[in-house]
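Asker: Right, I'll just put the structure down here and ask away after.
The values are calculated or read from the model by the stated rules, or taken from the named source; none is laboratory data. All values reported here derive from a predicted model rather than from experimental measurement. Note that we place each Cβ from the backbone using ideal geometry, even for glycine, and neighbour counts take in every protein chain shown. Keep in mind that these areas ignore ligands, DNA and RNA; they rest on the heavy atoms of the full protein, side chains included. Shrake-Rupley method; radii C 1.70, N 1.55, O 1.52, S 1.80 Å.
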Amino acid sequence: MAVIGKKAVKKVSTPKIKRTKLLINNKWVDPVEGGSFKTYNPATGEVIAKVAEASAKDVDLAVKAARKALESGPWARMDAADRGKLMFKLADLIEKNAEELAVLESYNCGKTITDARGDLVGTINTLRYYAGWADKIEGRTVPVRGKFLSYTLRQPVGVIGQIIPWNFPLLMLAWKWGPALACGNTIVLKPAEQTPLTALRVAELAIEAGFPAGVINIVNGFGETAGNALVIHPGVDKIAFTGHVDTAKIIQKKAADTLKRTTFELGGKSPNVVFADCDIDQAVEGAFHAIYFHCGQCCTAGSRLFVEQKIQKEFVERLAAKAKQRKVGDPMDESTQQGPQVSQEQLDKILHYVALGQREGAKLVTGGQRKGAKGYFIEPTIFDGVRDEMAIARDEIFGPVVSVLPFKDMDEVVARANDTFYGLAAGVWTKNLDKAHNYAAAVKAGTVWVNCYHIVDTTTPFGGFKMSGQGRENGEEALDHYTETKTVTVNLA
Ligand code: ADP
């Protein structure tokens, strides 16, 4: 036991790995070609387990199972309200097993146990929110010309290939499953190769909840093989993808052959703007959280920190003081504030950008070093005096590295904030209402936070402007991307 403030905290014990096979048609199966891959604990770099690796042949079997479940069998005939009931049941089972899942998530992904518990809350909320929608997805009656009755039906898009990343494995699963299931679709999910474990455990709970065979299938594996097989499969009606913008470009090109529907939630280089008239204590806390939450491994990370020149010196000093105090270490220790990056590859990429930032002439205020020789830890890093054209101000680093960019006034900062092909999220810190709303209207981003950051709720639409995405997840909007609208016209003459 350690003590933070007055709260006693403890180290969580290592989880048991229960499932590693593929899930196809509610059966745990070995891959046709017998492949497997290793999955690691990012805190130590050690192998946790070997996981079944899907090839195109397994993806084909999973897609066929999903299509059968879509077109015949209990799911196809089920009342919408009963679909909702199954989803509520799954949410209840996840809640019952939340601690086990949080520990497994932390172990496989490296996020702190505290953050993993937070993700579980989000996962459960999302499934319940969409469970409630299941029997509320309605069409319209339309006043057409002539003696006709026209009405619309909203029907499932079909078999959905869902490809998700490693930073929020369970939450991304819920964002994809929630609207897809509420609308009556069936699913083939490919989790990220770095984090294959929690999806398998949740799928086991889905079987326990009573989801019929073929509704949910899990094909762990790599992007270029299993992921690609989903993208090009003619039996998949839609791809829902969260990941890198370059991967989305590949997917969109390949999906063109079958004209699949696609939705994308991609990266960002989010501008977080601090005006001198902010509550400075709140803004320092907020800007810190904006970049360092989950080691900067968030597509919404506030990685371009625009600070009004008048307060730049004080602001950077206060941020640096906090960064130096941050407890970086074992993610399963409840007192830890920052765990490891997810992989050696990510660690190397971040260190590359730190070196590049220095070469380009930015001032490294604090951090920039790997921490320890084991696991993928890195110090919280701050660059000051960054210019817009530097790579550290333009590229998504996906690590705990913030670029501080000074500015003078609103027009200037809006133009600079928008000078990027990304448009996922943005933040602003000011006590002036006019400024806050003017910035919110002018910045090109799918989400804007005023005097807060990383507030993402399942009830509000989330997605990107420009190359940060297509379509929206969460909220009612997500349902539009999981239904096809059918017009039925009846001759009444
Ligand atoms: P990151 O760089 O953060 O790992 P990726 O876009 O590479 O982001 O990965 C996100 C998800 O996309 C993962 O599940 C990965 O396996 C998958 N993926 C990667 N490449 C492809 C591809 N060519 N086709 C389909 N899925 C892919």
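Asker: With the other protein chains left in place, how much accessible area per residue, in square angstrom, belongs to the range 1-154 at a 1.4 angstrom probe? Mind showing how you got there, number by number?
Answerer: Details: 8230 Å² over 154 residues.
Counting only protein heavy atoms, the per-residue value for the range 1-154 is 53 Å².
Asker: May I pose another question? Among Thr225, Ala66, Ile455, whose Cα lies farthest out toward the positive end of the dipole of the chain, if unit charges sit on the beta carbon of Lys, Arg (+1) and Asp, Glu (-1)?
Answerer: Ala66
Asker: Please report, as a whole percent, how much of the solvent-accessible surface of the range 214-263 comes from carbon and sulfur atoms (probe radius 1.4 Å).
Answerer: On the way: 1210 of 2030 Å².
Percent of accessible area from carbon and sulfur atoms in the range 214-263: 59.
Asker: Looking at Ala81, Ile24, Tyr40, which one has the Cα that reaches farthest to the positive end of the dipole of the range 24-100 (charges on Cβ: Lys, Arg +1; Asp, Glu -1)?
Answerer: Among Ala81, Ile24, Tyr40, the one farthest towards the positive end of the dipole of the range 24-100 is Ala81.
Asker: Based on DSSP H runs of at least 4 residues, each adding -39500 (n - 2.57), what is the mean residue ellipticity at 222 nm of the chain after dividing by all its residues, to the nearest 500 deg cm²/dmol?
Answerer: On the way: 16 runs with 182 residues, N = 493.
Helix-only estimate at 222 nm: -11500 deg cm²/dmol.
Asker: Within the range 342-404, list the GluC sites (Glu not before Pro) lying in a DSSP loop whose Cβ has at most 13 other Cβ atoms in a 10 Å radius. Write down the numbers at each step before the final one.
Answerer: Details: sites: Glu345, Glu360, Glu389, Glu396; in loops: Glu360, Glu389, Glu396.
The qualifying sites are Glu389.
Asker: A further question on this structure: Tell me the accessible surface of Asp279 in square angstrom (1.4 angstrom probe, heavy atoms of protein chains only), to the nearest ten.
Answerer: 60 Å²
Asker: Follow-up question, since we're still on this one. Can you give the translational diffusion coefficient of the range 291-339 in µm²/s, computed by Stokes-Einstein from the Kirkwood radius over Cα pairs at 10 °C and 1.306 mPa s? Mind dumping the intermediate values first?
Answerer: Working: Rh = 12.4 Å.
For the chosen part, D equals 128 µm²/s.
Asker: Further question: Can you tell me the dipole magnitude for the chain around its Cα centre, using point charges on the Cβ only (Lys, Arg +1; Asp, Glu -1), in Debye to the nearest 20? All intermediate terms of the calculation are to be shown ahead of the outcome.
Answerer: Details: 62 positive and 56 negative charges, 133 e Å.
So the dipole magnitude of the chain works out to roughly 640 debye.
Asker: Would you mind checking the radius of gyration and Dmax of the range 31-103 based on alpha-carbon positions, in Å?
Answerer: According to the Cα coordinates of the range 31-103, Rg and Dmax are 17.6, 48 Å.
Asker: Taking the Cα centre as origin and putting +1 on Lys and Arg beta-carbons and -1 on Asp and Glu beta-carbons, what dipole magnitude results for the range 1-118, to the nearest 20 debye? Present the calculation step by step, with values, prior to reporting the outcome.
Answerer: Values: 22 positive and 15 negative charges, 71 e Å.
It comes to approximately 340 debye.
Asker: Compute the projected area of the convex hull of the Cα atoms of the range 332-409, averaged over all viewing directions, and report it in nm² to one decimal place. Don't skip to the answer; put the middle values down first.
Answerer: Values: hull surface 24.9 nm².
One quarter of the hull surface, i.e. the mean projection, equals 6.2 nm².
Asker: If amide H atoms are built 1.01 Å from N in the plane of the peptide, which residues on other chains or at least 5 residues away come under 5 Å of the amide H of Lys327?
Answerer: The list, which skips near neighbours in sequence, is Gln337, Gln338.
Asker: Please list 3J(HN,Hα) in residue order for the range 344-349, calculated via the Karplus relation 6.51 cos²θ - 1.76 cosθ + 1.60 where θ = phi - 60°; whole Hz, with x for glycine and proline.
Answerer: Ordered by residue, 3J(HN,Hα) equals 4, 4, 5, 4, 4, 5 Hz.
Asker: Once the Cα gyration tensor of the range 182-310 is found, what semi-axes does its equivalent ellipsoid get, as square roots of 5 times the eigenvalues, in whole Å, sorted largest first?
Answerer: Numbers: eigenvalues 280, 76, 32 Å².
Semi-axis lengths for the range 182-310 are 37, 20, 13 Å.
Asker: Using all Cα-Cα distances in the range 248-393, what percent lands in each 10 angstrom bin from 0 up to the longest?
Answerer: 10, 36, 32, 15, 6, 1
Asker: Scan around Trp449 for amide H atoms under 5 Å from its own, H built in the peptide plane at 1.01 Å from N, and keep only partners 5 or more places away or cross-chain.
Answerer: Here Ala426, Gly427, Val428 satisfy the definition.
Asker: OK, next. Give me the number: length gained by fully extending Asp419 to Thr487, i.e. 0.36 nm times residue separation minus the C-alpha to C-alpha distance, one decimal in nm. Walk me through the intermediate numbers first.
Answerer: On the way: separation 68, 0.36 × 68 = 24.48 nm, distance 4.18 nm.
20.3 nm is the gain from fully extending Asp419 to Thr487.
Asker: For the range 205-280, place one equal point scatterer on every Cα, skip the solvent, and apply the Debye formula. What is log10 of I(q)/I(0) at q = 0.13, 0.14, 0.25 Å⁻¹?
Answerer: -0.56, -0.61, -1.18
Asker: Let me ask you something else. On a 0 to 90° scale, report how tilted helix 169-182 is relative to the longest principal axis of the chain, with both axes built from alpha carbons and the result rounded to the nearest 10.
Answerer: With rounding to tens, the tilt is 30 degrees.
Asker: Could you tell me what fraction of 2.2 N^0.38 Å the Cα radius of gyration of the range 67-203 comes to, as a two-decimal ratio? Can you show the working numbers first?
Answerer: Details: Rg = 17.6 Å, N = 137, 2.2 N^0.38 = 14.3 Å.
Computed over Cα atoms of the range 67-203, the ratio equals 1.23.
Asker: Using unit Cβ charges (K, R positive; D, E negative) and no other charged atoms, how large, in debye to the nearest 20, is the dipole of the range 325-398 about its Cα centre?
Answerer: Numbers: 10 positive and 12 negative charges, 50 e Å.
Using Cβ point charges on Lys, Arg, Asp and Glu, the range 325-398 gives about 240 debye.
Asker: While we're looking at this one, here's another question. Taking a cut-off of 32 Å, what percent of all Cα-Cα pairs in the chain are separated by more than that? Kindly include the intermediate steps, with their values, before the conclusion.
Answerer: Values: 51616 of 121278 pairs.
In whole percent, the share of Cα-Cα pairs in the chain beyond 32 Å is 43.
Asker: Heavy-atom accessible area per residue, the range 399-493, 1.4 Å probe: how many Å²?
Answerer: Values: 4260 Å² over 95 residues.
That works out to 45 Å² per residue.
Asker: Report the Stokes-Einstein translational diffusion coefficient (µm² s⁻¹, integer) for the range 418-469, Rh taken as the Kirkwood radius over Cα pairs, at 10 °C with viscosity 1.306 mPa s.
Answerer: The calculation lands on 139 µm²/s.
Asker: Provide Rg and Dmax in Å for the range 118-270, with only Cα atoms included in the calculation.
Answerer: 17.0, 59
Asker: Related question: Distances over 18 Å make up what percent of all Cα-Cα pairs in the range 173-240? Don't jump to the answer; show the numbers that get you there.
Answerer: Details: 835 of 2278 pairs.
So the pairs more than 18 Å apart make up 37 percent of the total in the range 173-240.
Asker: On a C-alpha basis, how far is the centre of the range 423-493 from the centre of the range 152-169 in Å? Whole number, if you could?
Answerer: For the range 423-493 versus the range 152-169, the Cα centre distance is 18 Å.
Asker: Now, a different point. Read phi for every residue in the range 79-87 and hand back ³J(HN,Hα) as whole Hz from Karplus 6.51 cos²θ - 1.76 cosθ + 1.60, θ = phi - 60°, with x for Gly and Pro.
Answerer: For the range 79-87, the Karplus curve yields 5, 4, 4, 6, 4, x, 4, 4, 5 Hz.
Asker: Ignoring the sites themselves, what is the longest stretch of the chain with no trypsin sites (Lys or Arg not before Pro) in a DSSP loop and at most 13 other beta-carbon atoms within 10 Å?
Answerer: Values: sites that count: Lys6, Lys10, Lys16, Lys18, Arg140, Arg145, Lys147, Lys327, Lys374, Arg387, Lys408, Lys431.
The reported range is 148-326.
Asker: For all pairs of alpha-carbon atoms in the range 1-154, what percent lies in each bin of width 10 Å, listed from the first bin to the last filled one?
Answerer: Result returned by the calculation: 9, 22, 29, 22, 10, 6, 2, 0.
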